[in-house]
Amino acid sequence: MSFDWMKIPYALLTVFIVFNYGLLLGAFIQKIGARAGRRYGIPVWQNYVDLIKNYGQRTSITHGVMFYLGPVFRLTGGIGLLLFVPTIYGSYMFSNLSFAGDLILALYFVFFGTLGMALGAGESGHPHAAIGITRGLSQVSVAELPFALAVFAVALQYQTLSVTDIVAAQQGGVLNWTLFTNPLAVAAAMLAFLGSMMRPPFDVVIAPQEIPIGPPTEYHSAYLALMQTNRAIFPVAKMVIYMNLFFGGATSWPEFAVKVFLLYLFSAFVGVCFPRFRVEQSIRWFLIWAVPLGVQAILWV
Amino acid sequence: MEQELKPELQKRMVKGPDGVEFEVEPLRDYYCEALPTVQHGAYFKIVEDFFNWARAQSLWILGFGTGCGAIEMRPLMTPRFDAYRYGIQWRPTPRQANLLVISGYLSVKTLKRAIRAYEQMQSPKYVVGLGSCTINGGMYWDSYNTIKRLDDYMPVDLYIVGCMPRPEALLAGFEDLKKLIRAGKAEGANQYAEKFDWYKSNQKRVIHDWDMPDYNW
């Protein structure tokens, strides 16, 4: 089997586009949240400036090897997730390095960054980081349950583990989307989506008022900048998965931009409407509302 | 003047849960003893100017209210004054913040915490003294328990006068601080490193229960 080397620069181009889109989108959503609170909110370019500032800090300290690797793992999770699923369906340039079993790999990468972060934050030795990561892992684990169930339902429905094939099966009209062919799976996955986007009501992990900023308490300078970079890429990568699995994928960049924006807006909308859950409340909420939907989706298929 | 250390900070033998005895010396084990050094900017002036511009446009304030003036910072986060549109945000941890606002009078007890917070921040870092109390003691000028001049204990880049200054004054002050940073004149962290002994002797003169290392990262 010959490898198409040209795929690598194209995949990097995808990462570059998604990175910039993610930075702008993040600021834009924050602005929308601010407007809901009757503020102007940050300028749309603020995320770029913060990133440059953090890379430009003159000092940084370390707590050990894992402390270095934490943000690196996190960024690997984000970029890996993006690289192994097709971003634009039917495009040679932006199909990235997708292959037959990429759905399984994507499921793994969604979790990968959190695990790396747990090790890194653990080594920082700060009690707030430990509390934050405990909360984060419990919440992400339980939010992963309905998502995994929904993904299995979709995989069973289309009898494939390739994201490209799943997108292909949804082409030819809005009614072919998984949203309409398997609404239960989409409902379960969208509830899980809320849990992993780090917005209210599920943002207790980084809750600044109770535990200063959670896992990244000790992270600063370039470490923090790496994590901010991931913060731009990872949500978009995750929404690419959602878009591909449930909303018919995207055949062009404008379609991609609109769908990802609407998905992000969904979590922001829920976020400004509802107050924050504590971790045990959110776990109970996921187990009661989201997991049964996922089980039903599998049974329905 | 050497002080008697608190029991939990003294060197002692500890028996672990697995029965192994080991020695713990908290001041040495839990802190890094390296003293601050002068940090030079980027080699090319244009790069450093660019970084300074970014630093000015992204002021992350440590959410640590030291005195009554802290109440004037809260309206800045709310719709009426909304400092976020000027690139000013609040961070809950000193590691990520680059601006320490000493908001009002500083009691000796709080000074200790303020020093620790300041030293944990990463360079370049800025200090703003808010209110008259940080300049000359203000209405607490004859108090036995507050410091009079903040400048003696940490390098202050900018004072905002008033008792207390209104949020508008704070915003104007932050805009002035931005000008200083952009001009490369806000080098407080390096000043602190250069005159470290002077600052430490001043700090130790008022803090009588000094039970921490000289510089805690």
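Only loop residues by DSSP count here, and only those with at most 16 other Cβ atoms within 10 Å; note down the chymotrypsin sites (Phe, Trp or Tyr not before Pro) in the range A:1-102 that meet that.
Answer by residue number: A:F3, A:W5, A:Y40, A:W45, A:Y92, A:F99.
Can you list the HN-Hα couplings for the range A:62-69, worked out from phi with the Karplus curve (6.51, -1.76, 1.60; θ = phi - 60°), rounded to whole Hz and with x for Gly and Pro?
For the range A:62-69, the Karplus-derived couplings read 10, 10, x, 5, 5, 5, 5, 6 Hz, x marking Gly and Pro.
Hey, what did chain A get for relative contact order, percent, Cα under 8 Å, at least 6 apart?
Dividing the mean separation by the residue count of chain A yields 27 percent.
Around B:W90, which amide H atoms from residues at least 5 apart in sequence, or from another chain, sit under 5 Å from its own amide H, with H modelled in the peptide plane?
Answer set, sorted by chain and number: B:I61.
Calculate the length of the line joining the C-alpha centroid of the range B:186-203 to that of the range B:82-107, in whole Å.
Using only Cα atoms, the two centres lie 21 Å from each other.
Which residues does the label zone of A:Y55 cover in the range B:47-83, counting backbone N under 12 Å from a point 7 Å along Cα→Cβ?
Answer for the range B:47-83: B:51.
Quick check on my link table: of B:K125/B:K200; B:K45/B:K195; A:K53/B:K195; B:K178/B:K204, which ones sit more than 21 Å apart, alpha carbon to alpha carbon?
B:K45/B:K195; A:K53/B:K195; B:K178/B:K204
Taking every alpha carbon pair in the range B:120-176, what does the distance histogram look like in 5 angstrom bins from 0, in percent?
Taking every Cα pair in the range B:120-176, the percentages come to 5, 19, 25, 22, 18, 10, 2.
So what does log10 I(q)/I(0) come out to for the range B:75-217 at q = 0.13 Å⁻¹, using the Debye formula with one equal point on every Cα and no solvent?
-0.58
What shape does the range A:20-83 have by the C-alpha gyration tensor, where a ≥ b ≥ c are the square roots of the eigenvalues, rounded means a/c under 1.5, and otherwise prolate means a/b greater than b/c and oblate the rest? Please report the intermediate quantities before stating the final value.
Numbers: a/c = 2.58, a/b = 1.66, b/c = 1.56.
Cα axes put the range A:20-83 in the prolate bin.
Whole-Hz Karplus ³J(HN,Hα) for the range A:174-186, in order, using 6.51 cos²θ - 1.76 cosθ + 1.60 and θ = phi - 60°, x for Gly and Pro?
Per residue, the Karplus-derived 3J(HN,Hα) values read 4, 5, 7, 5, 4, 3, 9, 7, 9, x, 5, 4, 5 Hz.
Go ahead and set up a Gaussian network model of chain B, Cα springs under 10 Å, then flag whichever of B:K11, B:K178, B:K200 fluctuates most.
For chain B, modelled as a Gaussian network with Cα springs under 10 Å, the answer is B:K11.
So who's got an amide H within less than 5 Å of the one on B:G41, skipping anything under 5 residues away but keeping other chains? H placed 1.01 Å off N, in plane.
none
Would you mind counting up the charge near A:F286? Only other residues with Cβ under 12 Å from its Cβ, with Lys and Arg at +1 and Asp and Glu at -1.
Computed value for this residue: -1.
What are the extents of the Cα atoms of the range A:7-300 along their three principal axes, in Å, largest first?
54, 45, 42
Which whole number gives the average count of other chain Cβ atoms within 10 Å of the Cβ atoms across peptide B:85-98?
Per residue, the average neighbour count from other chains is 6.
Under a point-charge model restricted to the Cβ atoms of Lys and Arg (+1) and Asp and Glu (-1), what is the dipole moment magnitude of the range A:1-80 relative to its Cα centre, in debye to the nearest 20? Could you put the intermediate results ahead of the total?
Numbers: 8 positive and 2 negative charges, 90 e Å.
Dipole magnitude for the range A:1-80 comes out near 440 debye.
From other protein chains only, count the Cβ atoms within 10 Å of every residue's Cβ in B:57-64, then give the mean.
Mean shielding count: 3.
If you take the square roots of the eigenvalues of the alpha-carbon gyration tensor of the range A:84-204 and sort them as a ≥ b ≥ c, do you get rounded (a/c under 1.5), prolate (a/b over b/c) or oblate? Walk me through the intermediate numbers first.
On the way: a/c = 2.74, a/b = 1.79, b/c = 1.53.
Because a/c hits 1.5 or more and a/b exceeds b/c, the range A:84-204 counts as prolate.
Just need log10 I(q)/I(0) for the range B:41-116 at q = 0.18, 0.26 Å⁻¹, Debye formula, equal scatterers on the alpha-carbon atoms, no solvent, rounded to two decimals.
The calculated log intensity ratios at q = 0.18, 0.26 Å⁻¹ are -0.81, -1.17.
Please state the shape class of the protein assembly as shown: rounded when a/c is under 1.5, otherwise prolate if a/b exceeds b/c and oblate if not, all from the C-alpha gyration tensor. Working shown, then result.
Values: a/c = 2.12, a/b = 1.82, b/c = 1.16.
Taking the square roots of the gyration eigenvalues as a ≥ b ≥ c, the protein assembly as shown is prolate.
What spacing in nm lies between the two simple spin-label points modelled at B:Q191 and B:D142, each 7 Å away from Cα in the Cβ direction?
Going by the 7 Å Cα→Cβ label model, 3.1 nm.
Where a number appears in this text, it was derived from the coordinates with a stated rule and is not lab data. Computed from a predicted model, the values in this text were never measured in an experiment. Every residue, glycine among them, receives a Cβ derived from its backbone with ideal geometry; neighbour counts consider all protein chains shown.
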